[in-house]
Amino acid sequence: MELLQVQNLCKVYGTGETAVQALRDVSFTMKKGEFAAVVGESGSGKSTLLNCIGALDTPSSGSICLEGTNLFGMKENQRTLFRRRNIGFIFQSFHLIEELDVEQNMIFPLLLDHQKPKREKVEELLEILGLKDRRHHLPGQLSGGQKQRAAIARAMITRPMLVLADEPTGNLDSKNSQDVMDLLLKASRHYQQTVLMITHNAQLASAADRVLRVRDGVLTDLGGAKS
C-alpha cells in the first residue's frame with residue numbers, strides 16, 4: 001500500500017532573474033514500512049524536499065498526499081495538527097529541550113497533543129533504543145549518540161505514519177553514526193515505520209531499502225540499495 005505520494009513537486013525561491021528552482025517536477029511514492037535514503041550534494045534540494053513533505057515549507061506547485069490526505073489541501077491550522085499527529089522529525093542537531101530529561105523529552109509530543117503516555121509503550125521504546133538507564137538524564141549529561149537516540153524516541157513515540165530524518169548522524173563520529181543507524185532501522189522495523197532519511201554517508205544509505213538521489217532539484221530513484 002502506498003503511504004506517501006509526491007506528484008510533480010516544484011519549489012521556487014525568489015522571482016525573476018534571481019529565482020532559484022530548488023525542486024523540479026519531483027514525483028515518487030513510498031510504501032508503508034519502507035526505509036528510503038535521500039542522497040545528493042549540499043544545495044541539491046534534499047532538505048527542501050524533506051521540509052515540503054513534512055509541511056514545514058510550502059511547495060510552489062504539485063501535491064503531497066499522506067495516506068490519501070493532501071497536505072496542502074487543508075487549512076494551515078488543520079495541517080499543523082495533522083503534521084503533529086502523523087509526521088515525526090529527527091534533526092541533525094537533536095533539538096532536545098535542555099530542561100527536560102530523556103523520558104520527558106520523549107513524551108513531550110504526546111503531552112503537547114493532550115494525550116496520556118502509555119507506560120508500556122514508553123518502556124518498550126526506551127528498551128529498543130537502549131535508553132532505560134538514561135531515562136532521567138538531562139541532555140547535557142548525554143553523549144551525542146545518546147542525544148540522537150532520545151530524538152529518535154521522541155519522533156516515534158506518537159507512532160507517526162511517516163518519520164523524516166535530516167542527516168540524523170551528521171554530528172556523530174563513525175562508531176556512533178553506525179550505532180544510531182542500526183537502532184533507527186531496528187525501531188522502524190519493529191513498528192513498521194515508514195522512514196525517509198537524508199544522508200551524505202554512502203555506507204548508511206546502503207542499509208536502506210531504497211535510495212533516491214537529488215541533483216539540481218531533480219530526483220532519480222536509484223532503486224533498492226540492497227539489490
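Can you tell me which residue is nearest to Leu142 (Cα to Cα) among those in region 92-127 that are open to solvent by 40 Å² or more (accessible area, probe 1.4 Å) and touching a Gly at 6+ places or on another chain (Cβ under 9 Å)? So, considering only residues that are open to solvent by 40 Å² or more (accessible area, probe 1.4 Å) and touching a Gly at 6+ places or on another chain (Cβ under 9 Å), the one nearest to Leu142 (Cα to Cα) is Glu98. The residue list Asp166, Asp209 contains one member that is surrounded by 13 or more Cβ atoms within 10 Å (Cβ to Cβ), over 21 Å from Glu2 (Cα atoms) and not aliphatic (A, V, I, L, M), which is Asp166.
The set of residues in region 69-91 that are closer than 28 Å to Asn171 by Cβ and crowded, with 17+ Cβ neighbours inside 10 Å comprises Arg83, Asn86, Ile87, Gly88, Phe89, Ile90, Phe91. The residues listed here are Gln78, Gln21, Gln104; of these, the one that is in contact (Cβ under 8 Å) with a residue 40 or more places away in the chain and either assigned to a strand (DSSP E or B) or farther than 23 Å from Arg189 by Cβ (or both) is Gln21.
Reported count of residues in region 24-34, each being closer than 19 Å to Arg83 by Cα and part of a strand (DSSP E or B), is 3. Note on region 166-178: residues that are more than 16 Å from Ser206 (Cβ to Cβ) and without any contact (Cβ under 8 Å) to a residue 60 or more places away in the chain amount to 4. Within region 186-206, the set of residues being aliphatic (A, V, I, L, M) and surrounded by 17 or more Cβ atoms within 10 Å (Cβ to Cβ) comprises Ala187, Val195, Leu196, Met197, Ile198, Leu204, Ala205. Filtering region 37-55 to residues that are part of a loop (DSSP other than H, G, I, E, B) and surrounded by 15 or more Cβ atoms within 10 Å (Cβ to Cβ) leaves Gly40, Ser44, Gly45, Gly54, Ala55.
Restricting attention to region 56-68, which residues are on the phi > 0 side of the Ramachandran plot, open to solvent by 50 Å² or more (accessible area, probe 1.4 Å) and either acidic (Asp, Glu) or in contact with a strand residue (DSSP E or B) (Cβ under 6 Å, 6 or more places away or on another chain) (or both)? Across region 56-68, the qualifying residue is only Glu67.
Would you check if Phe72 is part of a helix (DSSP H, G or I), closer than 17 Å to Leu164 by Cβ and not basic (Lys, Arg)? So Phe72 fits the description; yes. For Gly217, the stated conditions do not hold, so it cannot be described as free of Cβ contacts under 8 Å to residues at least 40 places away in the same chain, within 30 Å of Val20 (Cβ to Cβ) and open to solvent by less than 60 Å² (accessible area, probe 1.4 Å).
The values are calculated or read from the model by the stated rules, or taken from the named source; none is laboratory data. Just so it is clear, the structure is predicted and the values come from calculations on it, not from any experiment. Because the Cβ atoms are built from the backbone with ideal geometry, glycine has one as well, and the counts that use them run over all protein chains shown. Ligands, DNA and RNA are excluded from the accessible area calculation, which covers all protein heavy atoms including side chains. Shrake-Rupley method; radii C 1.70, N 1.55, O 1.52, S 1.80 Å.
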